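Peer 1: Mind looking over this structure? Questions follow.
None of the figures in this text is laboratory data; all of them are computed from the coordinates on show. Every value quoted in this text rests on a predicted model; they were computed, and no experiment measured them. Cβ placement follows ideal geometry from the backbone for every residue including glycine, while neighbour counts extend to all protein chains displayed.
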Amino acid sequence: MALAQHDEDAAKVLRKEQQHLHSQTSQTLMLIDDRFNHQHAEHLARCLWVLIDGLTLQLLDTQDLPDEVKAIEYEARVVLLDIINRAIEKIE
Amino acid sequence: MNKAGDSKSDQGTLDKIARQDRGQRRRQEIIDCATRLLLESGFDGVVLRDVASSVGVQLSSLHYYFPTRSDLVLAIFDRESTAYEEELLASISHHKNIDGKVAAIVDTALNVIKGPEAKLWRLLTAYAQHNHNAAELFFRENKLFHTVTARALRNIEPTLTGKRSMHIAQLFWAMIDGLALQTTDAKNLDTVSLVETEIKTTFNAMIHSAKNI
């Protein structure tokens, strides 16, 4: 990630890895609910990874107490489920 | 005091103000230059000697404003977080209802990651993974952004507790930070706008559900 800010090759690797994760997640979403089309599942996967990537950065802060981290993880789980449920509601 | 004395004292005050202004301008010039170097060459590119030479001051003069490289880097990011807070407060004040104020919080944060300064945050995020000082700066700035956002949330919705507003602020910034990392890929701008909409909906939902707890 650090290199990707300066180095086009590293940026390509970063994008490739992100696309791989998005693709895996979107396939899983389509397995969960086959009414998701490919594009919709890709968008949803990307939304989920936006939150997870951002959260990963913030949870690096070891100054946070374990209870605090647990509380944030719980909130994140609620938000992730909410995003998926909202997407399912839209196609129903 | 006689008139001549008054006039001398006034002149002294004016001189002092002018010196402070010059000092303030010079300080900003140094930060501007260091920001440019940071964006061009990363953290290793911010070398005090190069900054001094580029601004046209002696190294000793630069040390007067910023004794160490860390102080200068800190000033770069503090200026960004201060600008964010000012923009956020101004933006919120333009709206009267809760939804407008909440949208102002989202839009101000999105402006941060869409502007040229976004690369500063991405660099800091990346550098913080393997440098202790950068990690400390990263967490310090993160806390500032979370606190400013949580405070704004409590002003908008006073029923939120301090802890809850901090959690919402932290999750909100997790989404914004995650999006900032993904926006390096300019080919996916259509998806970015969809993610933005999702962030707005999610943020609204978090605040409304928090009100009901």
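Peer 1: Using only Cα atoms, find the angle between the long axis of helix B:3-41 and the longest principal axis of chain B, and express it within 0 to 90 degrees, rounded to the nearest 10.
Peer 2: Around 50 degrees separate the two axes.
Peer 1: Now for a different question. Evaluate peptide A:81-87: per residue, the Cβ atoms of other protein chains within 10 Å of its Cβ; return the mean as an integer. Walk me through the intermediate numbers first.
Peer 2: Details: counts 0, 5, 6, 0, 0, 4, 1.
Counting Cβ atoms of other protein chains within 10 Å of each residue's Cβ and averaging gives 2.
Peer 1: Tell me the label-point distance for the pair A:ASP67, B:HIS63, using the 7 Å Cα-to-Cβ offset, in nm and rounded to one decimal.
Peer 2: Taking the simple label geometry, A:ASP67 and B:HIS63 are separated by 4.8 nm.
Peer 1: Another one. Please compute the average number of Cβ atoms from other chains found within 10 Å of each residue's Cβ in peptide B:167-174.
Peer 2: Values: counts 6, 2, 0, 11, 9, 3, 4, 14.
Per residue, the average neighbour count from other chains is 6.
Peer 1: Suppose we keep just the alpha-carbon trace of chain B; what are its Rg and Dmax in angstrom?
Peer 2: Just the Cα atoms of chain B yield Rg and Dmax of 21.3, 72 Å.
Peer 1: Also: What nm distance separates the two modelled labels at B:LEU89 and A:THR56, each placed 7 Å from Cα along Cα→Cβ?
Peer 2: So the two model labels end up 3.6 nm from each other.
Peer 1: Can I ask one more? Under 22 Å between alpha carbons: how many lysine pairs meet that in the range B:76-186, if sequence neighbours fewer than 8 apart on the same chain are excluded? Walk me through the numbers before you get to the answer.
Peer 2: Working: B:LYS101/B:LYS114; B:LYS101/B:LYS143; B:LYS101/B:LYS163; B:LYS114/B:LYS143; B:LYS119/B:LYS143; B:LYS143/B:LYS163.
Total qualifying Lys-Lys pairs in the range B:76-186 comes to 6.
Peer 1: Give me the angle, in degrees from 0 to 90, between the Cα long axis of helix B:118-127 and the longest principal axis of the Cα atoms of chain B, rounded to the nearest 10.
Peer 2: Tilt of helix B:118-127: around 90 degrees.
Peer 1: Let me know the mean shielding of A:42-50 by other chains, meaning the per-residue number of their Cβ atoms within 10 Å of its Cβ.
Peer 2: 6
Peer 1: Still on this structure, please answer the following. Taking θ = phi - 60°, what integer Hz values does the Karplus form 6.51 cos²θ - 1.76 cosθ + 1.60 yield along the range B:148-159, in sequence order, with x for Gly and Pro?
Peer 2: Residue by residue, the range B:148-159 yields 4, 5, 5, 5, 4, 4, 5, 5, 6, 10, x, 6 Hz.
Peer 1: Further question: Based on the alpha-carbon gyration tensor of the protein assembly as shown, what equivalent-ellipsoid semi-axes (square roots of 5 times the eigenvalues) come out, in whole Å, largest first?
Peer 2: Details: eigenvalues 344, 128, 52 Å².
The answer is 41, 25, 16 Å, longest axis first.
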